[in-house]
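Written below as structure tokens is the structure these notes are about.
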Amino acid sequence: MFKFTPGVGGGLEGDWPREQAAQSPRLVVAIDPRNGTLYVGTENGVYTEPEGTGPWKPLNIGMAGVSVHSLVLNQTTNVLLAGTYGGGVYELFLDTVQTAGRPP
């Protein structure tokens, strides 16, 4: 379970670093139900927070600071699709260690 505090304009706060909050307004969120990892689309690409524990890390392999307006997680292919504003769609291939479910 995750707890978010509504921020200014309905954004997400929590442990999102202030410098990132100023530079990267959050636009869209995806959660991996297999392990609780958060993915956030921002004005400057995609950030991830493994298992909701922090810290936030950029996940922008091959992306040039584009504005991400849509995120879709395909659990079968282990790919996160990031739809951008005017920059097309990016496939972000997720590491199997990153997406492995928590041990029972």
Practice problem: Check F2 against each of (1) of a type in the set (A, V, I, L, M, F, W, C); (2) at pLDDT below 60; (3) surrounded by 14 or more Cβ atoms within 10 Å (Cβ to Cβ) and name the one condition it does not meet. | Solution: (3)
Practice problem: Please indicate, with yes or no, whether at least one residue in region 50-66 is part of a strand (DSSP E or B), out of contact with any Phe, Trp or Tyr (no Cβ under 7 Å at 6 or more places or on another chain), of a type outside the set (K, R) and surrounded by 11 or more Cβ atoms within 10 Å (Cβ to Cβ). | Solution: no
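The values are calculated or read from the model by the stated rules, or taken from the named source; none is laboratory data. This structure is a prediction, so every number in the text was calculated from the model and none was measured. Cβ atoms come from the backbone with ideal geometry, glycine included; neighbour counts cover every protein chain shown.
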